[in-house]
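To start, the structure under review is shown below, and the notes come after it.
The values are calculated or read from the model by the stated rules, or taken from the named source; none is laboratory data. Computed from a prediction, not measured in an experiment: that's the story for all the values here. Don't worry about glycine lacking a Cβ; one is built from the backbone with ideal geometry, like all the others, and counts go over all protein chains shown. The area values use the complete protein model at the heavy-atom level, side chains included, leaving out ligands, DNA and RNA. Shrake-Rupley method; radii C 1.70, N 1.55, O 1.52, S 1.80 Å.
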Amino acid sequence: MTRFLLRRLLLAVPTLLGVTAVVFATVALVPGDPVAAFLGPGAPPEARRELTERLGLEQPLPVRYADWLGHALTGDLGTSISGQRPVADLLLPALGQTLTLTAAAFLLVLAGGVALGALGALRPRSAGGRISGALSALAVSAPQYSVALLLIAVFAVGLRWLPAGGTHDVFGDGGPIDLARHLILPAVAAALVPLGLTARVFRAALGGVLAGELADSLRARGLRPAAVLRHCVHNASPALLTIGGLQLAYLLEGVIFVETLFAWPGIGRLLYDALTARDLPLVQGGVLMVAVAFVGVNILVDAAHAVIDPRVRN
Amino acid sequence: MTRTARIRTRAVALPAAAVLLTAAAGCAGSSGGSAGAGGGNGHGGTLVIGATGKLPNPDTVIGGAGFEGKRLVSFQLYEGLTRYELLKDTDKPPVVTGALATDWQVAADARTWTFTLRKGVTFQDGTPFDADAVIFNLARYLDKKSPEYTDALGAAAAEYAGDIASYRKTDADHVELVTKDPNGHFPEDLAHVLIASPTAVRGTGSAHFSQHPVGTGPFSFVSQTEGQQIELAANKDYWRGAPKLDRLVIKALPDAAARTAALRSGGVNWIEYPNPDDIDSLKADGVQIATNSYDHLWYWILDTSKAPWNNPLVRKAANYAIDRKAIAEKLLHGTADPAYQTAPRATAAYDPAEDVYSYDPAKARQLLTEAGVPNGFSTSVTVPTGGSGNLLPVPIAEALQRDLAAVGIKVELRTTDWTTLIGAEAKGEVALGSDAVAQSTTLFQSEALLPLFLGSKSPFWTGHYANPQVDELLASSAANADQAARQAGYRTALSLVTQDAPWLFVVNDRNPRALSPKVQGLVQPQSWFLDLTTVWVR
């Protein structure tokens, strides 16, 4: 198991290098000048030139990348051009917010996906089974942006049950209950698509196992239905893990819309602003963090996979 | 003859507001000028403003969130030696008056300025304000040897303080600043050169000052939740009198639909730039909409170096072909006014007699025939998809495309993001290589920038527009410390530009904002900027 994990960790290194190099090159090659964006058109050309030089932006791209990488390895992600603050100071709080939102959404995905999927697999022809199929199809195809607006219109503006955005109420006490109230709508909006996908995949996997030889032989040995189901769920769970891991990664990078609409100060919104301002150090730092989280989630999923299914370890 | 112009509360030529290319996002304005939102003598409450852009770095001039950040945060925390008078005569462009200086004199060379400093002012941390504080801050911006100087501060300060050649304290209450060139609008420039508490800057060092910013402004810093909000509290010792509000919270809500939802659900009680389409329904819900003109212009820069835009008749034809009123009233729901000339209406350079380009398609066709292109032509324009002050850039461009097509000018719209567009302009290029660029700007923010938009030697892409007479008028006016003479010079220069028609003049924004019925006492000036000391919340 240790060797398995080590191998996966080593494989993560070229992945992270590749991702950061490609993003670095892409952002640097996209038209638009971070210094012009930061200073505005009123800045004298000399001031622009000088700042460009100080930031090392006139250096060749590979030199700048190597420089960035050298600093990043020592934990120094540089200074944001547009915010003039250390990148880590901006990224860490945003990452915390994104992880909070992602975790809340992922809980919904797992609970909802498993419940809907199991309902569909166990009683495919019942009303419940049909409703579960329809619900998961609806969740998958609902456009996130419109659903988010609809949720805001109904629950925040119309009924006023929940806040329309932010993490805490300016007029409130700022405690955990306040945070939870703010989490509900963005978490539901972010969870819908992955929830639907998870439900469909789990329904298919569990349905397949239940209709297969394993279930037949278990029943033939006289196991009670609950025990048969337990074994079948175990056998269907690698599929759940794979899709769950993928959806977690999808959530991590896909919350940008949700964060913007719900004014959630996470990494998606920060990255969006950074890209708009061509703020390369901030984009790089953000992408690195997302990539690390992405790779980390994948390693965790693989490890869990290996625990459940011994064949994977080799 | 040693003439010393003594100036007190000097009306600055042109208005205050400005969208500048990159500058701000967001807006301000009050219908017809005065109080847009209620009145009364109450006080207190928490004002929560939903801003359109990101939050600025609260270290003095760094900002980085355009004029909106300056308006809502920097100018509330800090002041310069001068400030805009935003509470009086809101049917006119604001004048510049004393802030940390009470008055000033300029010597006959039009370069040497002596400022008398206001006595009895303290920073929000209790540090007394004096000449040493002014010198400390100028050194922080201009002197690379100052321990508090940083590259970003130097670069960001260059826009307004870059013209200062030398500065010295003459006594505890006076400083002498010398500009590199004669500069008539220097006092207005200094409204943007913000003064921070030397004690606070030394305490944190420049690197961390943004986490504990201290100025002399009406509001003091409480906290910042990264990427989400900045909270300020009333400065009870403010030298003009404590603001009526208790607390001021600025939230970043870049999505227009999210801003409107936040206002409707009570999460904020004031939003900047509501989507024009939402205004009628917001009004129906009792929300107050405040608007007022400022020096904003939405326009196309035409490439005057290439056929057919190199022919003034063709450029004039295009200006007669477009229905600005329909764009202002139907598309933008009255949040903008039609622009028939170069000078935005809320500027001293505006002359109603110069409103020459009415909607007259017949005349447009006639001019095209005179120009030798009776059947029109095909051309292209690069349009930003967003960006501060750009209103609804693509829908406006589509309306123009329709109007121009009606007289035979077929326009291909090429969209790109704002950063790409201005990045290219700063290099003297057009993104996507079009024959024109659509954009907005606030022309008089500051006056020093006029040659950047209109001068033949501009390092920016200006459509290769060149009129030596305009160059000469802009240069001589800018140097003139006499405000009336300066304004007259600008008026003549801009009327020449209107006649040359290097631009397609489209609309002047009215800076709409939406306020909950509980918000009282807003005075909305003809400016980007705002004085929030009179506002309170029921």
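Brief remarks on what is shown
- Residue check for residue B:432: open to solvent by less than 20 Å² (accessible area, probe 1.4 Å), among the aliphatic types (A, V, I, L, M), farther than 21 Å from residue B:329 by Cα and at pLDDT below 95: no
- Taken residue by residue, the stretch B:370-383 has no member that is within 14 Å of another protein chain (Cβ to nearest Cβ) and not hydroxyl-bearing (Ser, Thr, Tyr).
- Restricting the stretch B:64-82 to residues that are part of a loop (DSSP other than H, G, I, E, B) and of a type in the set (A, V, I, L, M, F, W, C), the residue that is farthest from residue B:531 (Cα to Cα): B:65
- Sole residue being in contact (Cβ under 8 Å) with a residue 60 or more places away in the chain, in contact with an Asp or Glu (Cβ under 8 Å, 6 or more places away or on another chain) and either more than 12 Å from chain A (Cβ to nearest Cβ) or among the aliphatic types (A, V, I, L, M) (or both), chosen from B:222, B:178, B:201, B:268: B:201
- Count - residues of the stretch A:31-85 that are part of a loop (DSSP other than H, G, I, E, B) and either touching a Cys at 6+ places or on another chain (Cβ under 9 Å) or of a type outside the set (S, T, N, Q) (or both): 20
- Helices (runs of 4 or more DSSP H) lying entirely in the stretch B:439-506 (those with 3 or more residues that are surrounded by fewer than 24 Cβ atoms within 10 Å (Cβ to Cβ) and among the aliphatic types (A, V, I, L, M)): B:468-479, B:483-500
- When residue A:95 is tested against (1) within 12 Å of another protein chain (Cβ to nearest Cβ); (2) within 23 Å of the chain's Cα centre (by Cα); (3) in a loop (DSSP other than H, G, I, E, B), just one condition goes unmet, and that condition is (3).
- Test for residue B:110: is it out of contact with any Cys (no Cβ under 7 Å at 6 or more places or on another chain) and modelled with pLDDT of 95 or more: no
- Screening the stretch A:18-36 for residues that are facing another protein chain (nearest Cβ under 8 Å) and aliphatic (A, V, I, L, M) and picking the one that is most open to solvent (accessible area, probe 1.4 Å) gives A:30.
- Residue list for the stretch A:284-298, restricted to those being in contact with a Leu (Cβ under 6 Å, 6 or more places away or on another chain) and under 15 Å from residue A:78 (Cα atoms): A:285, A:286, A:289
- Subset of the stretch B:39-59 [over 20 Å from residue B:389 (Cβ atoms), assigned to a loop (DSSP other than H, G, I, E, B) and in contact with a helix residue (DSSP H, G or I) (Cβ under 7 Å, 6 or more places away or on another chain)]: B:58, B:59
- For residue A:39, the stated conditions do not hold, so it cannot be described as within 9 Å of chain B (Cβ to nearest Cβ), within 32 Å of the chain's Cα centre (by Cα) and either buried (at least 21 other Cβ atoms within 10 Å of the Cβ) or under 11 Å from residue A:280 (Cα atoms) (or both).
- For the stretch A:87-102, a residue qualifies if it is open to solvent by less than 50 Å² (accessible area, probe 1.4 Å) and closer than 26 Å to residue B:209 by Cβ, and the qualifying residues are A:87, A:88, A:90, A:91, A:94, A:95, A:96, A:97.
- Residue satisfying all of: in the stretch B:263-291; open to solvent by less than 10 Å² (accessible area, probe 1.4 Å) and of a type outside the set (Asp, Glu); nearest to residue B:536 (Cα to Cα) among these: B:270
- Qualifying residue in the stretch A:148-164 (condition: more than 11 Å from every other protein chain (Cβ to nearest Cβ) and open to solvent by less than 40 Å² (accessible area, probe 1.4 Å)): no
- Residue match in the stretch A:3-17 (condition: more than 23 Å from residue A:249 (Cβ to Cβ) and either assigned to a helix (DSSP H, G or I) or within 14 Å of chain B (Cβ to nearest Cβ) (or both)): yes
- Within the stretch B:44-58, tally of residues that are facing chain A (nearest Cβ under 7 Å), modelled with pLDDT of 90 or more and crowded, with 24+ Cβ neighbours inside 10 Å: 2
- Where residue B:183 falls short, out of the listed (1) out of contact with any Phe, Trp or Tyr (no Cβ under 6 Å at 6 or more places or on another chain); (2) open to solvent by less than 20 Å² (accessible area, probe 1.4 Å); (3) away from chain A (no Cβ under 14 Å): (3)
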